[in-house]
Amino acid sequence: MLRRALLQASSRCRFSSSSSSSLLLAYRRQCSSSSSSSQVPEDHFVEQSVDTPQTPPSATISIDRSALYHPPDHSHEPTADSELVKHLKNIIKFRGGPITVAEYMEEVLTNPKAGFYINRDVFGAGGDFITSPEVSQMFGEMIGVWTMCLWEQMGRPKRVNLVELGPGRGTLLADLLRGASKFKNFTESLQIHMVECSPALQKLQYQNLKCLTEDGTDGNTDKRCISTIAGTPVSWHMTLEQVPTGLPTIIIAHEFYDALPVHQFQKASRGWCEKMIDVTENSSFRFVLSPQPTPATLYLMKRCTWAENKEIAGLDHIEVCPKAIDLTQEISNRIGTDGGGALIIDYGLNGIVSDSLQAIRKHNFVDILDDPGSADLSAYVDFAAIRHSAEEVSADVSVHGPMTQSQFLGSLGINFRVEALLENCTEEQAESLRTGYWRLVGDGEAPFWEDPDAPAPIGMGTRYLAMAIVNKKQGIPVPFE
Ligand code: SAH
């Protein structure tokens, strides 16, 4: 049964004309995989020191408190609110009104002290959710095939920035580098830049890329990190803006856009109102609607100019993501000037997104307002808005797709890769390869699933979409022809 499902999925994967690319053919002939872990030298991460406050000199003063305000009696029981919940309530209290869903989402995910991503590893079976690179090494390997093909179309430049936005555990790049390590001209051209806001995940990425820290040529002041997987230099940044410009650049954004904060709008009798988050009298969070237009309404209007009337007519809710627009425009300007391309893979729609924001904790959907910071928040990506944002800002880039993940991976030859890996593995590895393959390209519930105690895996093949933005000089990228 499993074998049949696998073959059916394989046969759906068609080859495009791009399969004649020499690197692609060479890659398909080569099969390599390995994994082990290394230790992180402590000196790679700088810890911020906090100055100890000075104790003021003591003195005896008598105070007449009779005219002071007496607050009502309150409980001295320790409050159950987490640091993040207290922080969110303080913002609402001191601002004197509710906050936007986007502001809530940004604090919940990336607050530097207590954000969901900041202090821990949230991925995999023991975490909160699983992503394609964690499902199978083949995902990172196929992204490597795409990257090498684009590099070839770029004229095999000697130096290239390879940027990953939101690299999670670093698994995608580790598999990409391992798979590409025999193509020395390619790997030697790479300068890897990880854009990651979480110190805990930066550390994990350093480990998974098997990095070593070397002294630079001019002493200790100029340390360099090298990934020993393929001998490539790696550096970390908080934002894309911090990545140096001036080199041709390849950018990968896998499940990054869905974590960018969205504003939610709801149609009311007085028109479109922004959904906001407030605190009730009994101190819990609740949604309210803005009484008048908010600053994000400008983005709602902009998004609606990119849609046809009939697309909006039936909707009572609309989500807009200004950060996705800004990021896409930054990517497009960079690629338009420096050359290269970007690959965006995420779950989403090729059109306006209505009401998609969801919270996931330990692989289950939970209430968005429940215990913020303990669950992932993510929203569907509006790929049509990405296309319009890119085209609006640069005449030097072209946008391709979206196509489904199944078409994308199939056209790059994932079926050949799985067959090659299956030839040389244990029965246990074969089982995991087949299930992983199916999860990446399959659709709906896995038909072969026989374990009554675990839910059947859900295929990511059609729910996830791939889109490319490239400098027009390179022509159409593989496999979007
Ligand atoms: N691409 C990875 C992880 C996806 S989860 C994978 O597919 O497995 C989102 C990633 O983006 C995490 O690494 C998270 O820490 C990072 N991230 C989220 N918001 C960010 C922001 N505003 N700036 C930088 N990194 C961010």
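In segment 348-361, the residues that are closer than 12 Å to Phe265 by Cβ form Cβ pairs under 6 Å with partners that are of a type in the set (Ser, Thr, Tyr), at six or more places apart or across chains, as follows: Val353/Tyr380. A single entry from Lys310, Lys323, Lys302 fulfils the requirement of being surrounded by fewer than 20 Cβ atoms within 10 Å (Cβ to Cβ), charged (D, E, K, R), more than 16 Å from the ligand (Cβ to nearest atom) and modelled with pLDDT of 95 or more: Lys302.
A count restricted to segment 381-397 and to residues that are surrounded by fewer than 23 Cβ atoms within 10 Å (Cβ to Cβ) and of a type in the set (Ser, Thr, Tyr) stands at 1. Where residues in segment 273-299 are of a type in the set (Gly, Ala, Ser) and either under 25 Å from the mean Cα position of the chain (by Cα) or crowded, with 19+ Cβ neighbours inside 10 Å (or both), which of them is farthest from Val353 (Cα to Cα)? Once the filter is applied, the top-ranked residue is Ser290.
Residue by residue, here is whether (1) away from the ligand (no atom under 12 Å from the Cβ); (2) open to solvent by 40 Å² or more (accessible area, probe 1.4 Å); (3) not small (Gly, Ala, Ser) holds:
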site: Ala125; (1), (2), (3): yes, yes, no
site: Gly140; (1), (2), (3): no, no, no
site: Leu150; (1), (2), (3): yes, no, yes
site: Ser189; (1), (2), (3): yes, no, no
site: Gln205; (1), (2), (3): no, no, yes
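The set of residues from segment 104-120 being more than 8 Å from the ligand (Cβ to nearest atom) and under 20 Å from Ala379 (Cα atoms) comprises Tyr104, Met105, Glu107, Val108, Asn111, Gly115, Phe116.
If only residues of segment 442-451 that are closer than 14 Å to Thr462 by Cβ and among the charged types (D, E, K, R) are counted, the one that is least open to solvent (accessible area, probe 1.4 Å) is Asp443. Tallying residues that are β-branched (Val, Ile, Thr), closer than 30 Å to Ile312 by Cα and surrounded by fewer than 20 Cβ atoms within 10 Å (Cβ to Cβ) within segment 398-441 yields 1.
Which of the residues belonging to segment 185-195 are in a strand (DSSP E or B) and over 17 Å from the mean Cα position of the chain (by Cα)?
Those that are in a strand (DSSP E or B) and over 17 Å from the mean Cα position of the chain (by Cα): Leu190, Gln191.
If you filter segment 259-271 down to residues that are closer than 18 Å to Ser378 by Cβ and more than 8 Å from the ligand (Cβ to nearest atom), you find that the one that is most open to solvent (accessible area, probe 1.4 Å) is His263.
The values are calculated or read from the model by the stated rules, or taken from the named source; none is laboratory data. All values derive from a computational prediction rather than experimental measurement. Cβ atoms come from the backbone with ideal geometry, glycine included; neighbour counts cover every protein chain shown. Note: areas computed on protein heavy atoms with side chains; ligands, DNA, RNA excluded. Shrake-Rupley method; radii C 1.70, N 1.55, O 1.52, S 1.80 Å.
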